[in-house]
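Remarks on the structure that follows.
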Amino acid sequence: MENQEPTRLTRPRKRKKKRKGKTWLLVTLICLLLVAGAGYIFRKQVALLAFDTLMKDTVAETLDQSYEKIDEEVKPEKVQNPFSILLLGTDERKNEPGRSDTIIFSVVRPKDGKVLLISIPRDTYTEIAEENKKSKINAAYARGGIKRSVDTVENLLGSNVDFYATINFQGLKDVVDKLGGVRLPITKVIENKQKYHEKLRIEPNKPIYDGKDALSYARYREDSDFNRTMRHRVLIDAILARALEIKNITKLPDLMKVAGSNFKTNMTSTFMIDLAKTFYEGGSMPAISNYMLKGEGAMRDSLWYYDPDEKDIEYIRKLIANWHDPNTPADQLIEPASDDDKAKASGNS
């Protein structure tokens with residue numbers, strides 16, 4: 001698909017009332033690793049030329065198969081501009097409705113080489129778009145697919161989603177196996193024991209964990225949403241570290257095919273490849289800042305929910321606005337790390 005341009009979600013930008021009070025990333029980084037891989041094999045000065053000559057067409061063909069828009073096309077913007085993307089890790093199995101097991105609102109600043117990841121616990125109690133009632137946020141995907149998930153997250157955070165990307169967890173399992181396993185910091189037995197949870201068990205201190213164990217590591221759910229989200233980030237880091245090993249560089253095109261078959265996005269192959277090259281030209285992997293929506297557990301009708309903190313939602317909205325604004329200098333980006341940052345975002349400093 002020559003000269004294909006990115007497609008944006010096109011719902012009109014809505015004025016939202018103020019409330020008082022980490023999948024795409026994998027595939028795009030694999031693109032980046034492919035470019036970096038050329039740098040291992042060739043001199044860095046000709047790495048981009050080598051990528052364009054030897055790998056670009058194959059990568060683009062694979063990514064084109066993952067392209068799926070959900071709205072009409074609009075005029076694209078330059079890849080250097082900040083953009084937002086909703087990342088969903090889905091757990092779709094036979095004879096079961098798919099649910100979004102991992103939900104991350106991301107802001108990408110290609111020119112600055114920075115990425116903000118805001119994790120939303122899947123049990124977050126919020127209003128589901130088009131239903132006028134509240135439920136767990138991961139139900140939006142099961143009931144209305146990606147479009148309802150996008151609308152629901154926009155309503156929660158008061159911010160528009162520019163792009164989306166989903167990856168089925170089965171894809172992570174296959175990628176890990178293709179790499180010959182990954183190293184994970186597991187020092188004690190991890191096991192689901194509750195009656196209604198999927199049975200899984202991972203033994204500690206293995207030198208290498210296969211795809212089945214890696215998937216279980218991501219799915220384990222008997223501690224907390226915070227730890228679960230942290231494990232997802234650890235797993236992605238472990239996959240990237242493994243992929244960068246010299247012996248695995250030649251496997252990267254095959255990894256693209258494996259990941260791509262479990263991947264859907266409305267970003268075009270041209271956009272993702274240009275994005276990866278922009279990061280590469282910056283001289284390093286993108287710097288990733290993480291934050292998770294805060295809240296408390298609550299029981300309703302014998303079901304456990306996660307009630308989001310309204311003040312934290314307001315903080316996240318200001319955080320997103322700061323990162324998404326192309327006029328925000330890199331040295332004035334709010335790092336989501338401390339109460340001081342929150343005070344600064346709220347204008348209380």
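Remarks
- Top-ranked residue of the stretch 267-308 - restricted to ones that are in contact with a strand residue (DSSP E or B) (Cβ under 9 Å, 6 or more places away or on another chain) and of a type in the set (Val, Ile, Thr), ranked as least open to solvent (accessible area, probe 1.4 Å): Thr268
- Yes/no for Arg109 being at pLDDT 90 or above, of a type outside the set (Asp, Glu) and open to solvent by less than 70 Å² (accessible area, probe 1.4 Å): yes
- Matching residues, the stretch 199-227, being closer than 21 Å to Thr124 by Cβ and of a type outside the set (A, V, I, L, M, F, W, C): Arg219, Tyr220, Arg221, Glu222, Asp223, Ser224, Asp225, Asn227
- Of all the residues in the stretch 154-192, those that are β-branched (Val, Ile, Thr), part of a loop (DSSP other than H, G, I, E, B) and closer than 20 Å to Gly89 by Cα number 1.
- Selection from the stretch 156-210 of residues that are under 24 Å from the mean Cα position of the chain (by Cα), modelled with pLDDT of 95 or more and among the basic types (Lys, Arg): Arg183
- Residue identified as at pLDDT 90 or above and over 19 Å from Phe83 (Cα atoms) among Leu293, Leu255, Leu303: Leu293
The values are calculated or read from the model by the stated rules, or taken from the named source; none is laboratory data. Worth saying up front: this structure is predicted, and the values here are computed from it rather than measured. Virtual Cβ from ideal backbone geometry, glycine too; neighbours counted across all protein chains shown. The area values use the complete protein model at the heavy-atom level, side chains included, leaving out ligands, DNA and RNA. Shrake-Rupley method; radii C 1.70, N 1.55, O 1.52, S 1.80 Å.
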